[in-house]
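J.: Take a look at this one; I'll ask things after.
The values are calculated or read from the model by the stated rules, or taken from the named source; none is laboratory data. Just so you know, these numbers come straight off a predicted model, no measurement behind them. Neighbour counts are summed over all protein chains in view; Cβ atoms, including those assigned to glycine, are modelled from backbone coordinates with ideal geometry. To get the accessible areas, we keep the full protein, side chains included, count just its heavy atoms, and leave off ligands, DNA and RNA. Shrake-Rupley method; radii C 1.70, N 1.55, O 1.52, S 1.80 Å.
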Amino acid sequence: MKTLRNPRLAIRVALATVLAGQIASLTVACQPGALALGLLVAIETFTSLAAILLFWIGLRATHPDRARMISPLVTWLENIDVAGDSRPRPSVPLEGADSQLVATVDNLVHRVQQYRDKLLVRHQRVQRLLRNVTDVLYHTDSSGRISWITDTVNDMLGYRPAELEGRLLRDLLADPEKDEPALLERPQLRRHPTRVFRRDGSIAWLLISSRRIDDAHGQPIGSEGVCRDGTRLIETQHALDDEKERAQVTLASIGDAVITTNAHGEVDYLNPRAEQMLGVPTADAIGEHFDTLCNFVDNDRNITANGLVQACLNTGTIQERDEDLTLYDRAPQTTGHTVKVTISPIRDGHQHVVGTVIVLHDITRLQQISRELAHQANHDLLTGLPNRRAFEHLLGEFLAETGQGHHHALCYLDLDQFKLVNDTCGHDAGDEMLRQISNQISSQIRVGDTLARLGGDEFGLIMCHLSLTDAKIKAEALRTEIDRFRFRWNDKLFRLGASIGVAAIDREAVSTTELLRRADTACYLAKEKGRNQVYIYRGDSDETLTRHGDMQRMQQISEALDNDRFELFAQIIQPIDQRTHSRCGVELLLRMRDSDGAILSPQNFLLTAERYNVAARIDRWVLKRAVALIAAAGDDHAAIEHYSINISGQSITDEHFVDYARGLIEASSVDPRRLVFEITETTAVTNTRRAGELIRSLRALGCRFSLDDFGSGLSSFSYLKNLPSDFIKIDGKLVSNILQDPVERSIVEAINQVGQAMGLLTVAEHVESRALLDALRTIGIDYAQGYHVARPIPFEMLSSSIGARQRIVRAR
């Protein structure tokens with residue numbers, strides 16, 4: 001081999017090669033992964049051997065005669081393993097320059113190995129770091145293909161790294177047109193929310209921080225990025241955005257004004273309703289103190305009410321005003337809203353008050369409706385007058401003044417002939433008449449007096465500061481004015497009247513209820529005396545006492561019906577001729593117990609029940625109880641041929657009584673032929689048509705009928721043909737006098753003869769002696785009833801009484 005012309009150049013080349021290798025090593029060292037580590041070691045080995053080889057060539061070229069001498073050195077160099085930890089020694093001893101060369105190479109190899117160890121430590125540190133993070137790191141080339149990606153992509157998206165390396169990044173993007181430029185072309189590192197396909201096809205939200213990579217000339221050679229799973233974060237953010245949107249829409253839609261302030265009380269938000277109520281747009285309100293925007297006035301005390309927000313900020317507690325406030329917009333006292341104010345503190349994470357939220361609930365319309373409802377609750381809708389509720393309240397106030405020397409009077413007015421107007425022309429006419437008469441009466445009373453409609457055609461009038469005598473004079477003048485009033489409806493003209501009761505408002509009446517009862521009693525007595533007159537209430541008058549008695553009996557009747565205090569007694573109706581009629585009858589008689597358990601005579605309550613229209617209700621109770629008792633008695637009452645049950649005139653005119661009776665009878669086991677309904681002659685004659693319909697309807701079921709108290713009327717015989725009865729009960733007043741009065745005996749004989757001619761059975765009442773019974777037998781009467789025959793006993797004792805009578809008859 002020829003000697004090199006410039007051995008120094010060879011050495012320079014060797015040094016340059018080593019330097020280039022070092023630079024390449026540093027570049028590769030920046031890349032993670034085992035491949036980068038192997039490439040690094042190879043480069044180091046190549047550059048070191050190349051440098052030694054070039055150095056050796058240069059040396060050989062300079063000293064060709066020494067080629068054989070350095071052969072062991074070459075062998076040693078070939079056996080050096082830069083990647084290993086050991087360094088072999090030359091096989092023969094070397095001296096001089098060779099020894100220096102060996103030392104130099106050995107030192108160079110040692111440095112390479114040290115550098116390798118550092119790179120290995122650095123690589124292991126990077127790998128540990130990559131294993132401990134959940135983020136995904138990736139590189140792409142200039143075409144956007146993934147050139148490297150970390151293993152964590154498997155946990156995040158379900159892909160193995162090998163499945164993605166070489167694929168275009170855009171293939172993974174759900175919105176590639178929007179997201180790819182942002183990920184590949186931005187030179188600065190920026191975070192970009194990106195929708196990415198998972199391996200199973202679902203969508204994941206990733207927060208990708210990426211940037212473009214340029215070469216030394218500024219040309220893009222790829223990109224790199226870090227991906228973080230932001231699915232929950234972004235979905236949460238979207239949910240928060242949706243919630244915020246709903247809140248905004250809600251605040252914009254609700255009818256309450258909502259305002260928020262900062263910690264200084266300065267407004268930072270108004271909803272649209274607040275803009276309307278305050279009369280200021282949001283842009284002008286932001287930054288203004290709340291008190292400068294709102295002018296509140298306390299309606300009860302008529303004073304301004306400010307500083308509410310500051311009180312909330314100072315105390316940190318909710319501020320609520322129980323009283324209603326009037327809110328005026330910026331032009332003071334021009335447009336007012338009655339509001340309820342609630343101010344709540346807004347706190348940060350450290351519970352420090354950072355602002356307030358004010359809610360203004362507009363109750364202006366509510367107050368208007370409340371006033372209207374209050375007016376309706378206290379006034380009659382038809383006439384506009386105060387109603388009973390308001391009248392009683394006012395009456396209570398006047399009653400409270402009686403102890404202070406004031407004298408007042410109460411009038412109770414009941415219009416006469418009002419029902420005639422309703423029945424003739426209809427309710428529209430009746431309503432119009434009430435409106436006109438209300439105006440007429442109102443025009444006649446003094447200022448300070450109070451007229452109210454209590455219901456129907458009844459009115460109440462409070463005459464203040466009047467004695468009872470003066471009140472009667474005023475009431476009479478009012479009655480006269482009503483009597484002069486004429487009501488015209490179409491072609492009909494009506495004249496009205498009024499029955500007026502007057503009562504003093506004094507301490508003797510302990511309550512408004514008692515006052516109204518007294519005035520009502522006086523009005524009732526005015527009607528009883530002929531209507532269209534004035535009656536003054538006096539507690540000690542006979543009429544008043546009778547009225548009070550009726551009221552007490554009505555209360556007893558109501559309690560008896562509600563608490564089952566009625567009882568049925570039975571009185572035997574005995575056949576006079578046992579050969580003609582072998583079995584007896586029984587009349588069921590009603591009794592009532594008072595609150596102490598004492599038995600009350602029917603005369604004490606039946607007239608009152610008819611007077612106050614509760615007789616029909618009593619009849620239903622009697623019929624229901626009677627059917628139940630008769631069904632329960634069964635064969636024990638086989639000796640009883642029939643049961644007589646009394647029916648009042650009110651049941652005869654009751655259109656539903658027949659259906660009620662039919663339902664009870666058909667639902668029971670009672671033979672309807674054993675039921676005999678008794679109606680008085682007077683009732684039958686008064687309601688001939690309805691009585692005939694009732695008799696025919698119940699007779700169709702098998703029931704029988706008896707005319708009670710026959711002979712007490714004036715037209716008995718003429719009506720017998722129209723009333724298909726089965727029995728005639730001769731009035732006890734006639735029967736009891738036949739032994740002394742021949743005329744009454746003749747009447748009884750005539751009734752019996754007419755009854756027998758019509759095929760009717762006759763029953764004599766009030767038979768109280770043996771002589772009377774014998775006289776009735778002579779006349780030919782069929783049955784006898786009275787104390788001589790049997791006294792009334794409780795129905796439950798009837799079985800034993802019948803058994804005793806049968807034993808007596810058999811003994812005779």
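J.: Checking the conditions here, which among THR134, THR140, THR150 is touching a residue at least 24 places away in the same chain (Cβ under 8 Å), touching a strand residue (DSSP E or B) at 6+ places or on another chain (Cβ under 9 Å) and buried (at least 16 other Cβ atoms within 10 Å of the Cβ)? Give the derivation first.
T.: Working: THR134 fails: buried (at least 16 other Cβ atoms within 10 Å of the Cβ); THR150 fails: touching a residue at least 24 places away in the same chain (Cβ under 8 Å).
Exactly one of THR134, THR140, THR150 is touching a residue at least 24 places away in the same chain (Cβ under 8 Å), touching a strand residue (DSSP E or B) at 6+ places or on another chain (Cβ under 9 Å) and buried (at least 16 other Cβ atoms within 10 Å of the Cβ), namely THR140.
J.: Can you confirm whether segment 192-206 contains a residue that is in a helix (DSSP H, G or I) and surrounded by 16 or more Cβ atoms within 10 Å (Cβ to Cβ)? Outline the logic, then answer.
T.: Going residue by residue through segment 192-206, those that are in a helix (DSSP H, G or I) are none.
No, segment 192-206 contains no residue that is in a helix (DSSP H, G or I) and surrounded by 16 or more Cβ atoms within 10 Å (Cβ to Cβ).
Matching residues to (1) within 23 Å of GLN574 (Cα to Cα); (2) touching a helix residue (DSSP H, G or I) at 6+ places or on another chain (Cβ under 9 Å); (3) without any contact (Cβ under 8 Å) to a residue 60 or more places away in the chain:
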position: ARG611; (1), (2), (3): no, yes, no
position: VAL614; (1), (2), (3): no, yes, no
position: TRP621; (1), (2), (3): no, yes, no
position: ALA626; (1), (2), (3): yes, yes, yes
position: GLU641; (1), (2), (3): yes, yes, no
position: ILE645; (1), (2), (3): yes, yes, yes
position: SER651; (1), (2), (3): no, yes, yes
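J.: Additional query: LEU698 is checked against (1) assigned to a helix (DSSP H, G or I); (2) over 30 Å from ASP659 (Cα atoms) and fails just one. What number does that condition carry?
T.: All conditions pass for LEU698, except number (2).
J.: If you go through segment 617-662 one residue at a time, how many are hydroxyl-bearing (Ser, Thr, Tyr), surrounded by fewer than 22 Cβ atoms within 10 Å (Cβ to Cβ) and in a helix (DSSP H, G or I)?
T.: Final tally of qualifying residues: 1.
J.: Counting only residues that are polar (S, T, N, Q), surrounded by 16 or more Cβ atoms within 10 Å (Cβ to Cβ) and under 18 Å from VAL754 (Cβ atoms), which one in segment 683-718 is modelled with the highest pLDDT?
T.: The initial filter retains those residues of segment 683-718 that are polar (S, T, N, Q), namely 683, 686-688, 697, 706, 712, 715-716, 718.
Then drop every residue that is not surrounded by 16 or more Cβ atoms within 10 Å (Cβ to Cβ), which leaves 683, 687, 706, 716.
From the residues that got through so far, the ones that are under 18 Å from VAL754 (Cβ atoms) too are 706, 716.
Numbers: SER706: 90, SER716: 57.
Residue satisfying both the conditions and the ranking: SER706.
J.: Condition test on LYS721, is it open to solvent by 20 Å² or more (accessible area, probe 1.4 Å) and under 18 Å from ALA684 (Cα atoms)? Even if it seems obvious, please write down each step before you answer.
T.: Numbers: open to solvent by 20 Å² or more (accessible area, probe 1.4 Å): yes; under 18 Å from ALA684 (Cα atoms): yes.
For LYS721, the condition - open to solvent by 20 Å² or more (accessible area, probe 1.4 Å) and under 18 Å from ALA684 (Cα atoms) - is met.
J.: Okay, next question. Restricting to segment 411-469, give me the number of residues that are more than 26 Å from LEU394 (Cβ to Cβ), assigned to a helix (DSSP H, G or I) and either of a type outside the set (Lys, Arg) or open to solvent by less than 50 Å² (accessible area, probe 1.4 Å) (or both).
T.: 11
J.: Restricting attention to segment 587-601, does a residue exist that is β-branched (Val, Ile, Thr) and under 49 Å from the mean Cα position of the chain (by Cα)? Please lay out each step first, then the result.
T.: Step one: of segment 587-601, the residues β-branched (Val, Ile, Thr) are 599.
Still in the running and under 49 Å from the mean Cα position of the chain (by Cα): none.
Checking segment 587-601: not a single residue is β-branched (Val, Ile, Thr) and under 49 Å from the mean Cα position of the chain (by Cα).
J.: Tell me, please, whether a residue that is at pLDDT 85 or above, in contact with a Phe, Trp or Tyr (Cβ under 6 Å, 6 or more places away or on another chain), open to solvent by less than 10 Å² (accessible area, probe 1.4 Å) and at positive phi can be found in segment 302-313.
T.: The initial filter retains those residues of segment 302-313 that are at pLDDT 85 or above, namely 309-313.
This time we only want the ones that are in contact with a Phe, Trp or Tyr (Cβ under 6 Å, 6 or more places away or on another chain), so: 309.
Cutting the leftovers down to open to solvent by less than 10 Å² (accessible area, probe 1.4 Å) gives us 309.
Filter once more, keeping what is at positive phi: none.
For segment 302-313, residues at pLDDT 85 or above, in contact with a Phe, Trp or Tyr (Cβ under 6 Å, 6 or more places away or on another chain), open to solvent by less than 10 Å² (accessible area, probe 1.4 Å) and at positive phi: absent.
J.: How many residues are surrounded by 13 or more Cβ atoms within 10 Å (Cβ to Cβ) and either in a strand (DSSP E or B) or free of Cβ contacts under 8 Å to residues at least 12 places away in the same chain (or both) when one looks only at segment 724-740?
T.: Number of matching residues: 5.
J.: Also, I was wondering about something else. In segment 247-270, which residues are assigned to a loop (DSSP other than H, G, I, E, B), on the phi < 0 side of the Ramachandran plot and over 29 Å from the mean Cα position of the chain (by Cα)?
T.: To start, the set of residues in segment 247-270 that are assigned to a loop (DSSP other than H, G, I, E, B) comprises 254-256, 263-265.
Pick out the ones that are also on the phi < 0 side of the Ramachandran plot and you get 254-256, 263-264.
Result: ALA263, HIS264.
J.: In the set LEU545, LEU515, LEU561, LEU496, which member is closer than 22 Å to ARG611 by Cβ, hydrophobic (A, V, I, L, M, F, W, C) and either at pLDDT 85 or above or surrounded by fewer than 17 Cβ atoms within 10 Å (Cβ to Cβ) (or both)? Even if it seems obvious, please write down each step before you answer.
T.: Working: LEU515 fails: closer than 22 Å to ARG611 by Cβ; LEU561 fails: either at pLDDT 85 or above or surrounded by fewer than 17 Cβ atoms within 10 Å (Cβ to Cβ) (or both); LEU496 fails: closer than 22 Å to ARG611 by Cβ.
Selected residue: LEU545, the only one of LEU545, LEU515, LEU561, LEU496 that is closer than 22 Å to ARG611 by Cβ, hydrophobic (A, V, I, L, M, F, W, C) and either at pLDDT 85 or above or surrounded by fewer than 17 Cβ atoms within 10 Å (Cβ to Cβ) (or both).
J.: Take segment 383-410 and flag every residue that is open to solvent by 40 Å² or more (accessible area, probe 1.4 Å) and of a type outside the set (A, V, I, L, M). Please lay out each step first, then the result.
T.: Of the residues in segment 383-410, the ones open to solvent by 40 Å² or more (accessible area, probe 1.4 Å) are 384, 388-389, 392-394, 397, 400-401, 403-407.
GLY384, ARG388, ARG389, GLU392, HIS393, GLU397, GLU401, GLY403, GLN404, GLY405, HIS406, HIS407, listed by residue number.
J.: Go through (1) within 26 Å of ALA429 (Cα to Cα); (2) modelled with pLDDT under 90; (3) open to solvent by less than 40 Å² (accessible area, probe 1.4 Å) for ALA504 and report which single condition fails.
T.: (1)
J.: Moving on to the next point. Could you please let me know if ARG170 is of a type in the set (Lys, Arg) and surrounded by 14 or more Cβ atoms within 10 Å (Cβ to Cβ)?
T.: Answer is yes for this residue.
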